[in-house]
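Take a look at the structure below.
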Amino acid sequence: WTPLIDFMPSISIGAMEFDPTDGTHQTLLAGVGRFSSFGSAGAQRAGLYRTTDGGTSWTQITGGGTLVDKNISGVGPRGSTMVVSVNFAVPFTCGNVGIFRSTNGGASFTKLNSGVDASGIPAGVINDLEGHPNDTATLYAAVVFADTCASAANGVYKSTDTGATWTKVSDASMDAVLVSGETSNVEISIFDDGVTNVVYVAILRFGQLINGGVFRSTNGGTSWTALDVPQTNANGIPIGTNPRYKEDAGVPGGQGSIHFSIQADDVADDIVYVGG
């Protein structure tokens, strides 16, 4: 391995994706964010880093300062259009979290908020933004605290026009565990072989998958099926993807907010992996 960004303002990375519009696979967008289990310690929240030569050189993108001091939780690079999600910011206000979009290569970013524009996605905390691997116009994001920030519905939202407009696609069973102040993480993974369009969404409440759930759609979010979740039994206590942080406390750990991942298999559309 070769270090690539030691010379940049921060090496705390919260998200990174290939730009699918680059057929040579040399363009990546990385979002800076503090996700350390040591009190979220890290360097400056410096926005985005972009490379067009496979990581040999990088350019910092702040959108004229708009993305500075924001925790980038997801990125959707699409050529000159860039869509990013933010789950925390300093100061931590509704106006500083949510979806931000650029159509000029990152020179400037616009905050999307259905309360003041026609984007359809409300202001709120967004823990993940996932782009469709083969349909460059399709993106998914999950919003919590929308009820606080915009008097709108928490939920999973989908865009089919590269983030310009969004529609809520989650169902009632998913919405029931997307609770502001309780839902600590939502992660999304997409399987696509050019024919099947399978989306997986993992929702964690109080840092645990067993308090939320894993949901699967085989039609791009039109309908959903709740899956079971992995569990173990520790002295009579059900434990899921994140173990107890104190053996003597008798309670599950809550670090799924940062120590959790989900990934759809690349070959089989009915296989998904979760880790915590």
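The values are calculated or read from the model by the stated rules, or taken from the named source; none is laboratory data. Bear in mind the structure is a predicted one, so any value in this text is a computation, not a measurement. Methodologically, a virtual Cβ is constructed for each residue, glycine included, from the backbone with ideal geometry; neighbour enumeration extends over all protein chains shown. Heads up: the accessible areas ignore ligands, DNA and RNA and are worked out on the full protein's heavy atoms, side chains in. Shrake-Rupley method; radii C 1.70, N 1.55, O 1.52, S 1.80 Å.
Sort out which residues of segment 17-31 are at pLDDT 95 or above and crowded, with 16+ Cβ neighbours inside 10 Å, and write them in order of number.
Across segment 17-31, the qualifying residues are 17, 19, 27, 28, 29, 30, 31.
Could you please find all residues in segment 222-270 being aromatic (Phe, Trp, Tyr) and either at pLDDT 95 or above or open to solvent by less than 40 Å² (accessible area, probe 1.4 Å) (or both)?
Of everything in segment 222-270, those that are aromatic (Phe, Trp, Tyr) and either at pLDDT 95 or above or open to solvent by less than 40 Å² (accessible area, probe 1.4 Å) (or both) turn out to be 224, 260.
Consider only pairs whose beta carbons are under 8 Å apart and that are at least six residues apart or on different chains; among these, list those whose first residue lies in segment 253-264 and is touching a residue at least 60 places away in the same chain (Cβ under 8 Å) and whose second residue is open to solvent by less than 60 Å² (accessible area, probe 1.4 Å) and of a type in the set (Asp, Glu).
From residues that are touching a residue at least 60 places away in the same chain (Cβ under 8 Å), the pairs are 260/187; 261/187; 262/187.
I'm trying to understand the selection: among the residues of segment 134-157, which are charged (D, E, K, R) and either buried (at least 23 other Cβ atoms within 10 Å of the Cβ) or in a loop (DSSP other than H, G, I, E, B) (or both)?
Hit for segment 134-157 is 135, nothing else.
Considering only residues that are closer than 12 Å to residue 265 by Cβ and either of a type outside the set (Val, Ile, Thr) or not in a loop (DSSP other than H, G, I, E, B) (or both), which ones fall in segment 191-206?
Correct list: 191, 192, 193, 198, 200.
Can you give me the number of residues within segment 170-193 that are closer than 18 Å to residue 132 by Cα and surrounded by fewer than 18 Cβ atoms within 10 Å (Cβ to Cβ)?
Here the count works out to 1.
Looking at 61, 121, can you tell me which residue is buried (at least 20 other Cβ atoms within 10 Å of the Cβ) and over 18 Å from the mean Cα position of the chain (by Cα)?
61
Taking the conditions exactly as written (at pLDDT 95 or above and either touching a Leu at 6+ places or on another chain (Cβ under 8 Å) or open to solvent by less than 30 Å² (accessible area, probe 1.4 Å) (or both)), does residue 105 satisfy them or not?
Taking the combined requirement at face value, the residue does not satisfy it.
Every residue in segment 70-101 that is surrounded by fewer than 16 Cβ atoms within 10 Å (Cβ to Cβ) and within 24 Å of residue 186 (Cα to Cα), please.
Selection gives 90, 91, 92, 93, 95.
If the Cβ limit is 9 Å and pairs must be 6+ apart or interchain, which residue in segment 157-178 that is touching a residue at least 12 places away in the same chain (Cβ under 8 Å) pairs with which residue that is surrounded by fewer than 17 Cβ atoms within 10 Å (Cβ to Cβ) and of a type in the set (D, E, K, R)?
160/135; 168/175
For segment 194-214, give me the residue count where each residue is open to solvent by less than 10 Å² (accessible area, probe 1.4 Å) and touching a Leu at 6+ places or on another chain (Cβ under 9 Å).
5
Within segment 158-169, how many residues are in a loop (DSSP other than H, G, I, E, B) and open to solvent by less than 50 Å² (accessible area, probe 1.4 Å)?
The number of residues fulfilling the criteria is 5.
When you scan segment 26-109 for strands (runs of 3 or more DSSP E) that lie fully inside it, which ones turn up with 1 or more residues that are within 22 Å of residue 140 (Cα to Cα)?
Ranges flagged: 28-32, 48-51, 70-78, 81-89, 98-102.
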